[in-house]
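Below is one structure, written out as structure tokens; the observations come after it.
The values are calculated or read from the model by the stated rules, or taken from the named source; none is laboratory data. Just so it is clear, the model here is predicted, and its values are computed rather than measured. Cβ atoms come from the backbone with ideal geometry, glycine included; neighbour counts cover every protein chain shown.
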Amino acid sequence: MKPFLLLAYWSEHGREGDPASPRAAPYLIEPYAATLRTSPPGPALLAPEPCGGRVTPQCPVACWYKPGHGRLTASQALAVSCNQYFYQLSRQTDPAAFTRILTVLGVRGGSARVQAASTTPETMIGLDDRLRLSPLQVLNAYGVLLSGHASAEAKSASFPALARVVLLAGLALGADEGTSALAQQALPPNHLLLGKTGTSPALAGGRYSIAKTDGWFLGFYPRSEPVLAVMVYYPNGLGAKDAAPLGGRAIKLYLETIRQTDGP
Ligand SMILES: [Zn+2]
């Protein structure tokens, strides 16, 4: 959910005149990734308070990383999936902008038809169950995000282009040193992927449990121009620790199979 929120926030507050065109092909992203890693956080608005890990009067949501992530750029926040960074973003994002981005990403129908009026900051970072997306809906939305081509339903709406670049840089950084690192490490050297992990309240017997979690991983390969998507669901586990390494192994197996099929 956090990438969708970042797009929504940026569509509302971001600057015009972005360096990348909305239809920039994914292979244009890599040069930006290096720049974004070393540059300041972008728009001045996009500089939330540092993550302190624990609940404060300013941020009633704790981060999954208890020591706190400190100050982060948008790409870094995505790479480590910082709850406090994205909670602060959600407080400054109009729910209507969020639902509009879901339309741009092609998310619609069923329980995904969330109304702006009932969308809270918690909904926008996936902390409540108002917005329920099927795994396939999430995967499709990432597909739209990676391709940079808005859904047909979006009509005139489009992507905030720089936000998309920041997002892709975040997915790359997540694989290099963030929550998707165990997926990246399962691949041979120089085989780079884009990754995002998720940890959701466990669903068992039709009910959500707060005590247990399910782990998720989304991986796209190769990083420069993805043609392969992998989604891992790990019941009763964590995204980074349990689901991500399986995703990396799945892509590695795919590469080995392709190599055998292609012959020497
Ligand atoms: Zn954090």
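Is one or more of the residues making up region 104-125 farther than 30 Å from Arg207 by Cβ and either at pLDDT 85 or above or surrounded by 15 or more Cβ atoms within 10 Å (Cβ to Cβ) (or both)?
Let us first name the residues in region 104-125 that are farther than 30 Å from Arg207 by Cβ, namely 104.
Applying the additional criterion that residues be either at pLDDT 85 or above or surrounded by 15 or more Cβ atoms within 10 Å (Cβ to Cβ) (or both) yields 104.
Scanning region 104-125, I find at least one residue that is farther than 30 Å from Arg207 by Cβ and either at pLDDT 85 or above or surrounded by 15 or more Cβ atoms within 10 Å (Cβ to Cβ) (or both), so the answer is yes.
Please determine whether any residue of region 69-76 is out of contact with any Ser or Thr (no Cβ under 7 Å at 6 or more places or on another chain) and modelled with pLDDT of 90 or more.
The first filter runs over region 69-76 and keeps only residues out of contact with any Ser or Thr (no Cβ under 7 Å at 6 or more places or on another chain), leaving 69-76.
After this cut, where a residue has to be modelled with pLDDT of 90 or more as well, the list is 69-70.
Yes - at least one qualifying residue is present in region 69-76.
Restricted to region 190-224, and to residues that are part of a loop (DSSP other than H, G, I, E, B) and modelled with pLDDT of 90 or more, which residue is farthest from Asp128 (Cα to Cα)?
Taking region 190-224 as the starting set, the residues that turn out to be part of a loop (DSSP other than H, G, I, E, B) are 190-193, 205-206, 222-224.
Within this subset, residues satisfying the condition of being modelled with pLDDT of 90 or more are 190-193, 222-223.
Details: Asn190: 38, His191: 36, Leu192: 33, Leu193: 30, Pro222: 33, Arg223: 31 Å.
Residue satisfying both the conditions and the ranking: Asn190.
Matching residues to (1) surrounded by 15 or more Cβ atoms within 10 Å (Cβ to Cβ); (2) on the phi > 0 side of the Ramachandran plot; (3) modelled with pLDDT of 85 or more; (4) within 16 Å of the ligand (Cβ to nearest atom):
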position	(1), (2), (3), (4)
Arg23	no, no, no, no
Pro26	yes, no, no, no
Ser39	no, no, no, no
Pro43	yes, no, no, no
Leu46	yes, no, no, yes
Ser81	yes, yes, yes, yes
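Looking for something surrounded by fewer than 13 Cβ atoms within 10 Å (Cβ to Cβ), assigned to a loop (DSSP other than H, G, I, E, B) and modelled with pLDDT under 90 - is there at least one such residue anywhere in region 241-259? Before the answer, list the steps.
Step one: of region 241-259, the residues surrounded by fewer than 13 Cβ atoms within 10 Å (Cβ to Cβ) are 253, 256-259.
So of that shortlist, the ones also assigned to a loop (DSSP other than H, G, I, E, B) come out as none.
Within region 241-259, none of the residues are surrounded by fewer than 13 Cβ atoms within 10 Å (Cβ to Cβ), assigned to a loop (DSSP other than H, G, I, E, B) and modelled with pLDDT under 90.
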